[in-house]
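The values are calculated or read from the model by the stated rules, or taken from the named source; none is laboratory data. Note that the structure is predicted; figures quoted are calculated from it, not measured. Cβ coordinates were reconstructed from backbone atoms using ideal geometry, including for glycine residues, and neighbour counts include every protein chain displayed. Side chains included, ligands, DNA and RNA excluded: accessible areas come from the protein's heavy atoms. Shrake-Rupley method; radii C 1.70, N 1.55, O 1.52, S 1.80 Å.
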Amino acid sequence: MAKGLDVGTMNILSSSPEGDGTKFVQQRNSFVEIEYSDMAEQMLSRSEVLHIRKDDKVYVVGDDALNFANIFNKETRRPMQRGILSSEEASAIPMIKLITEQVVGEPDSPGENLFFSSPADPIDSELSTLYHQKTLESMLGDMGYEPEPINEGMAVIYSELADHNFTGLGVSFGAGMTNVCLAYYAVPVMKFSIARGGDWIDQQASQATGTPVDKVTSIKEDDFALDFQTDVGGVEGALSIYYENLLDYVVEKLSAEVDEEDVEEDLDVPVVVTGGTSSPDGFEKLFEQHLEDVQIPFSISDVQSVDDPLYSVARGALVAARSEEESDGPGAAGVGAPEPED
Ligand SMILES: Nc1ncnc2c1ncn2[C@@H]1O[C@H](COP(=O)(O)OP(=O)(O)OP(=O)(O)O)[C@@H](O)[C@H]1O
Ligand SMILES: [Mg+2]
């Protein structure tokens, strides 16, 4: 057996084979610190809330963090920021460890293959992904897995472009980052990340309208659509403006990067957009329009969205893990994808 893991700024998901399909387990990559009290003890002991107690503090982690934050009037904290472990959060590593253990569980056999997503270095900030990647690798190794990083954009290609011989442009619009990968027959030709995503949109829209950021996030996730009906002065109007701005920024960086990398000119490739930030209706249309505004030396056959954008990266990591497992095994035929090159 093998597993996939998507370690994202907002969501951590594992994927494993189940029958003919794939089983996903998901938790929010977030926690809240509350004072230990009899009331807290009672609430926690009566439920299956994921938590740990340390001295006079209790940490509630994952999906329940937000509920507890509301009840105890605290703010949630996040182990990751802009795609990688946060340097501003002292508890980042123990918290992410707890969430990951819950999501991925124990290996089915010692040294089970586990491919985990890791972002490419961002082209618009000094952040490096090396420390993040190595820390996760050693944490997963300590849990008994044989961990291997897979680039987040490449995972999108494994997940969504099997029908196109793993050829095309995969873009994962996440919370902390946007990851881009161009692959040709499963070989990455260009990959980079941009240190902006859904969190950036939320922060900008929050500042512009004076609305708390958590409120902006829930408005965005609830029923927001990119339908160009401007809500001047409102949160949805601000969200539309910053969505447009993010897409302008991404296509501009894409155009510059393709230019620098000397990508072959007579390619005709599909583009897949995924990640939580690509969820609103109208997103892929808007991305397509923005792509038309920049110079790209190859042609784009179409822009596709996916049905379940939160699962793409975890699913792709599993495809990669299984294909490596099969190619390692005796007389293995592979599951359709060549061995990952990342
Ligand atoms: N229905 C929705 N509409 C709009 N945005 C959404 C929706 N659902 C989730 N999001 C946003 O998607 C983002 C989370 O997406 P995702 O889980 O792909 O990111 P991540 O993998 O955790 O982050 P990253 O890859 O940047 O590290 C958040 O900004 C969240 O607010
Ligand atoms: Mg992601």
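Key figures
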| quantity | calculated |
| --- | --- |
| Residue tally, condition within 16 Å of residue 289 (Cβ to Cβ) and either within 10 Å of ligand 1 (Cβ to nearest atom) or touching an Asp or Glu at 6+ places or on another chain (Cβ under 7 Å) (or both), over segment 228-250 | 1 |
| Segment 175-203, subset away from ligand 2 (no atom under 16 Å from the Cβ) and without any contact (Cβ under 8 Å) to a residue 40 or more places away in the chain, residue most open to solvent (accessible area, probe 1.4 Å) | 203 |
| Hits in segment 204-250 (condition: more than 16 Å from ligand 2 (Cβ to nearest atom), closer than 15 Å to residue 278 by Cα and of a type in the set (Asp, Glu)) | 222, 223, 227, 244, 248 |
| Residue tally, condition open to solvent by 40 Å² or more (accessible area, probe 1.4 Å) and within 15 Å of ligand 1 (Cβ to nearest atom), over segment 88-121 | 1 |
| Out of 83, 8, sole residue that is on the phi < 0 side of the Ramachandran plot, open to solvent by less than 20 Å² (accessible area, probe 1.4 Å) and modelled with pLDDT of 95 or more | 8 |
| Matching residues in segment 49-63 - criterion: being open to solvent by 50 Å² or more (accessible area, probe 1.4 Å) and under 24 Å from residue 215 (Cα atoms) | 63 |
| Subset tally (residues that are under 15 Å from residue 67 (Cβ atoms) and either in a helix (DSSP H, G or I) or of a type in the set (S, T, N, Q) (or both)) for segment 29-41 | 3 |
| Of all residues making up segment 69-82, the number that are under 19 Å from residue 103 (Cβ atoms), in contact with a helix residue (DSSP H, G or I) (Cβ under 8 Å, 6 or more places away or on another chain) and not in a strand (DSSP E or B) | 2 |
| Count of segment 17-48 residues which are open to solvent by 20 Å² or more (accessible area, probe 1.4 Å), more than 13 Å from ligand 1 (Cβ to nearest atom) and not basic (Lys, Arg) | 19 |
